[in-house]
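Heads up: the structure comes next, in structure tokens.
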Amino acid sequence: MPRVIEPVQPLRQARRVLGIDPGYDRCGFAVLSCSGQGRSVELLASGTLRTSRADALPQRLHALGRALEQVIAQWRPDEMAVEPLYFNRNVKTVIEVSQARGVILERAAAAGVHVAEYTPTVVKSQLTGHGQALKTQVAFMVCRLTGVKQGAKLDDEMDAIAIALCHSMRMSIPMLVARR
């Protein structure tokens with residue numbers, strides 16, 4: 001009788017990654033299907049979640065949370081990749097975006113979605129090979145890797161796609177290390 005050798009790690013089916021570029025006015029999102037340990041990606045959806053400038057911040061945060069719940073319910077991501085905050089000269093904006101980011105993290109936790117965080121430098125380095133790459137260079141690689149047409153998406157949306165791509169490329173690293 002032939003002997004069956006079990007793989008070190010079971011082969012993973014396609015995983016869905018939700019990339020988020022946090023914001024309370026416009027929040028970019030992207031959903032990727034990743035297979036082959038992150039080597040093959042397909043952009044399933046992307047867009048921006050917008051809130052009304054006429055509403056007060058608490059209502060905007062609630063609207064953002066509800067919209068994100070709908071995205072999570074529709075696409076059922078396995079993992080979420082989010083950009084952490086970076087310092088800005090406008091303290092009010094940093095505080096409001098950090099509150100939006102809190103809503104995003106809470107909704108991920110409520111849905112049981114694992115969250116990974118990547119700084120802009122890490123995303124740029126992963127996609128272009130240079131941590132100080134220009135936005136245009138990152139956008140070029142996003143278009144190249146996903147087939148999106150140059151200039152077809154808003155910056156928030158492109159950033160969300162880039163964050164999701166970064167995570168899809170990096171998610172195979174622990175598996176490769178475990179095989180050694």
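When segment 77-96 is filtered for residues that are buried (at least 20 other Cβ atoms within 10 Å of the Cβ) and over 19 Å from VAL122 (Cα atoms), only PRO77 remains.
Taking every residue in segment 73-96 that is closer than 15 Å to ILE161 by Cα and in contact (Cβ under 8 Å) with a residue 40 or more places away in the chain and pairing it with any residue that is exposed (fewer than 11 other Cβ atoms within 10 Å of the Cβ) and of a type in the set (Val, Ile, Thr), at least 6 positions away or on another chain, yields no pair with a Cβ-Cβ distance below 7 Å. Only a single item in (1) within 19 Å of ALA139 (Cβ to Cβ); (2) buried (at least 17 other Cβ atoms within 10 Å of the Cβ); (3) of a type in the set (Phe, Trp, Tyr) is not met by TYR24, and it is number (1). Checked across segment 42-53, the condition of being of a type outside the set (Asp, Glu), surrounded by 14 or more Cβ atoms within 10 Å (Cβ to Cβ), under 22 Å from MET171 (Cα atoms) and modelled with pLDDT under 95 holds for no residue.
Counting only helices (runs of 4 or more DSSP H) wholly contained in segment 33-142, the ones carrying 1 or more residues that are touching a His at 6+ places or on another chain (Cβ under 7 Å) occupy 120-128. The residues in segment 144-160 that are surrounded by fewer than 13 Cβ atoms within 10 Å (Cβ to Cβ) and not in a helix (DSSP H, G or I) can be counted, and the count is 5. Hey, any hits in segment 69-86 for a residue that's closer than 20 Å to VAL115 by Cβ, at pLDDT 95 or above, touching a Pro at 6+ places or on another chain (Cβ under 9 Å) and of a type outside the set (Lys, Arg)? Looking through segment 69-86, at least one residue is closer than 20 Å to VAL115 by Cβ, at pLDDT 95 or above, touching a Pro at 6+ places or on another chain (Cβ under 9 Å) and of a type outside the set (Lys, Arg).
Name the single residue that is surrounded by the most Cβ atoms within 10 Å (Cβ to Cβ) among those in segment 67-76 being of a type in the set (A, V, I, L, M, F, W, C) and within 16 Å of SER46 (Cβ to Cβ). If we take residues in segment 67-76 being of a type in the set (A, V, I, L, M, F, W, C) and within 16 Å of SER46 (Cβ to Cβ), then LEU68 is surrounded by the most Cβ atoms within 10 Å (Cβ to Cβ).
The values are calculated or read from the model by the stated rules, or taken from the named source; none is laboratory data. Computed from a predicted model, the values in this text were never measured in an experiment. Please note: Cβ atoms are built from the backbone with ideal geometry, for glycine as well, and neighbour counts cover all protein chains shown.
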